[in-house]
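Reviewing the structure listed below.
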Amino acid sequence: RVYRMVTGYFEDMSRVFAGLAATMTASGKVAVVVATQVFDGEPLPTDLLLAELARGHGFATDAVWVARAKGMSVQQRLSGAKPVASRESVLLLSKR
């Protein structure tokens with residue numbers, strides 16, 4: 001179930017980047033706020049993966065700003081999982 005959910009998220013975000021690329025001007029910039037996730041104790045660097053996905057749609061990553069560190073989700077705390085660092089980031093993208 002997790003695999004299907006994660007795959008669907010990145011497919012949806014690919015469509016978002018395609019739409020942005022089609023409608024932005026050549027000098028356009030966009031900021032995307034995204035939080036990294038932890039699944040089964042394994043971190044998923046969502047921000048960095050989205051930056052790479054955006055590159056495939058003609059964007060350059062101008063910056064990745066870490067906005068804040070995140071704590072564990074309630075579900076992970078209740079499961080007894082060990083704490084894994086995650087973050088909320090801002091991706092600053094521009095058209096190449």
| message | Can you compute 3J(HN,Hα) from phi for each residue in region 29-38, using the Karplus curve 6.51 cos²θ - 1.76 cosθ + 1.60 with θ = phi - 60°, rounded to whole Hz and x for Gly and Pro? | response | 10, 9, 10, 10, 8, 8, 10, 6, 10, 10
| query | Got a sec? Which residues in region 25-65 would a label at ARG96 touch, if it sits 7 Å along Cα→Cβ and we count backbone N under 12 Å? | reply | 52-62
| task | Could you please state how large a percent of the accessible area of the chain is carbon and sulfur, counting protein chains only and using a 1.4 Å probe? | result | 59
| remark: Each label sits 7 Å from Cα toward the beta-carbon; between THR61 and GLU88 the label points are separated, in nm, by 2.0
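With a probe of 1.4 Å, find how much accessible area the chain has per residue, and write the answer as a whole number in Å². Provide the component values of the computation, followed by the final result.
Values: 6240 Å² over 96 residues.
I get 65 Å² per residue for this part.
The values are calculated or read from the model by the stated rules, or taken from the named source; none is laboratory data. Just so we're clear, the structure is a prediction, and the values are computed from it rather than from any experiment. When we count neighbours, we look across all protein chains shown, and the Cβ atoms used for this are built from the backbone with ideal geometry, even at glycine. Ligands, DNA and RNA are stripped out before the accessible areas are found, and what is left, the full protein with its side chains, is counted by its heavy atoms. Shrake-Rupley method; radii C 1.70, N 1.55, O 1.52, S 1.80 Å.
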